[in-house]
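All remarks here apply to the structure that follows.
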Amino acid sequence: MTRLIAVASGKGGVGKTTTVVNLAASLAKFGKNVIIVDANLTTPNIGIHLGMKPPMKTLHDVIAGKASITDAIYLHDSGFRVIPAGVHLKHLKFSIPHKLWDIVLGLFGTADAVILDTPAGLEKGAKAVLDAAEEVIMITNPELPAVTDALKTIRIAQKSGSNVLGAVINKVHGKHWELSARAIEHELELPILAKIPYDISVQHAIRAKKPVVLHNPHSPAAKEFTKLAADLFDIEHESKSGGWNIGRILKRIFGM
Ligand SMILES: Nc1ncnc2c1ncn2[C@@H]1O[C@H](COP(=O)(O)OP(=O)(O)OP(=O)(O)O)[C@@H](O)[C@H]1O
Ligand SMILES: [Mg+2]
């Protein structure tokens with residue numbers, strides 16, 4: 001079964017694209033077949049995070065009827081497939097149509113997960129992606145404006161019938177003025193799926209145009225992204241909450 005997951009936020013710049021590429025790279029390492037779709041048509045940057053250069057077919061071409069979805073899929077070195085978006089100014093006139101669902105439907109059965117990178121905010125484009133997705137992961141930073149905006153996006157996603165799995169708190173500095181995970185959980189009425197530290201390795205990885213889980217797998221952010229991927233797909237891995245314990249080792253060896 002293909003899971004269709006949108007990675008969304010209220011506020012921009014909180015780390016959606018970073019989460020999408022690192023989830024995909026971690027899942028690919030675990031042997032999962034993943035397609036990521038840059039459904040952020042106004043400020044698309046999956047291609048930038050991954051060093052993909054035009055000319056290439058994009059989601060814009062698919063929406064315009066100039067390419068089929070299979071023409072716009074690229075296998076990235078990181079082990080997952082990518083449907084990029086067009087980055088030219090002329091592409092700004094495009095918006096995600098309600099037919100996004102029909103477009104992604106063509107990917108069902110071809111992957112374990114299709115992960116959608118969503119535009120920030122509550123505009124039409126974001127709503128169309130949230131409408132199409134079956135599951136949503138909400139990204140926020142540990143500060144009030146990001147959390148307040150996340151709450152609005154959560155309500156919109158829930159209204160459209162999506163299952164909002166929980167929130168990821170990204171760029172955590174661990175400072176006393178930040179909102180705690182507990183406060184965010186309470187505010188959003190959602191479980192916290194991961195706390196990703198603010199980690200300069202993420203920026204080094206973007207510079208190197210590689211997901212941080214591949215560029216610097218032992219960095220604190222990479223470890224948390226890996227754990228998030230393992231948790232989401234219920235994959236046994238030492239990074240999973242609690243690490244290895246005797247019960248889990250026995251279960252793995254003997255199926256107990
Ligand atoms: N855990 C982290 N530690 C340090 N820097 C980070 C972290 N996560 C993201 N960043 C930085 O924050 C910036 C924004 O990240 P990203 O592009 O993933 O956000 P976004 O939510 O997709 O933004 P947009 O709303 O514009 O699409 C990037 O430059 C990235 O380097
Ligand atoms: Mg982005």
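When the helices of the chain are scored as -39500 (n - 2.57) per DSSP H run of n ≥ 4 and the total is divided over every residue, the value at 222 nm lands at -10500 deg cm²/dmol. Arranged from fewest to most other beta-carbon atoms within 10 Å of their beta carbon, 101, 177 become 177, 101. This ranking places 147, 136 by how few other beta-carbon atoms lie within 10 Å of each, fewest first, which gives 147, 136. Summing charges over neighbours of residue 120, with a neighbour being any other residue whose Cβ is under 11 Å away from its Cβ, gives -1 when K and R count +1 and D and E count -1. Over region 3-254, the hull volume per residue, using the convex hull of the C-alpha atoms, is 131 Å³.
Please give the net charge around residue 104, taking every other residue with its beta carbon less than 12 angstrom from that of residue 104, where Lys and Arg add +1 and Asp and Glu add -1.
On the way: positive: 3, 99; negative: 102, 131, 134.
Net of charged neighbours comes to -1.
Tell me, what is the percent relative contact order of the chain, built from C-alpha pairs under 8 Å that lie six or more residues apart? About 24 percent, as a whole number. Between residue 254 and residue 163, the contour length at 0.36 nm per residue exceeds the Cα-Cα span by 29.4 nm.
If Rh is defined by the Kirkwood formula over all Cα pairs and Rg also comes from Cα, what ratio Rg/Rh do you get for region 1-71? Across region 1-71, the Cα-based Rg/Rh ratio is 0.96.
Positive-end ranking of 204, 64, 110 along the dipole of the chain, with charges on Cβ about the Cα centre, is headed by 204.
Would you mind ranking 155, 3, 81, 182 by Cβ crowding within 10 Å, fewest neighbours first?
Details: 155 12, 3 17, 81 20, 182 9.
Least crowded to most crowded, the residues run 182, 155, 3, 81.
Here region 35-68 is scanned for amide nitrogen atoms under 20 Å from the site 7 Å beyond the Cα of residue 77 along Cα-to-Cβ, giving 35-36, 45-57. Which one, 79, 188, 26, projects farthest toward the positive side of the charge dipole computed for the chain from Cβ point charges (K/R +1, D/E -1)? It is 79. Computed about the Cα centre, the dipole magnitude for the chain is approximately 400 debye when only Lys and Arg (+1) and Asp and Glu (-1) carry charge, each at its Cβ. Working note: Cα atoms of region 79-182, range along each principal axis, descending, whole Å: 46, 33, 33.
Read-outs: derived from the displayed coordinates by stated rules, not from any lab. Every value quoted in this text rests on a predicted model; they were computed, and no experiment measured them. Virtual Cβ from ideal backbone geometry, glycine too; neighbours counted across all protein chains shown.
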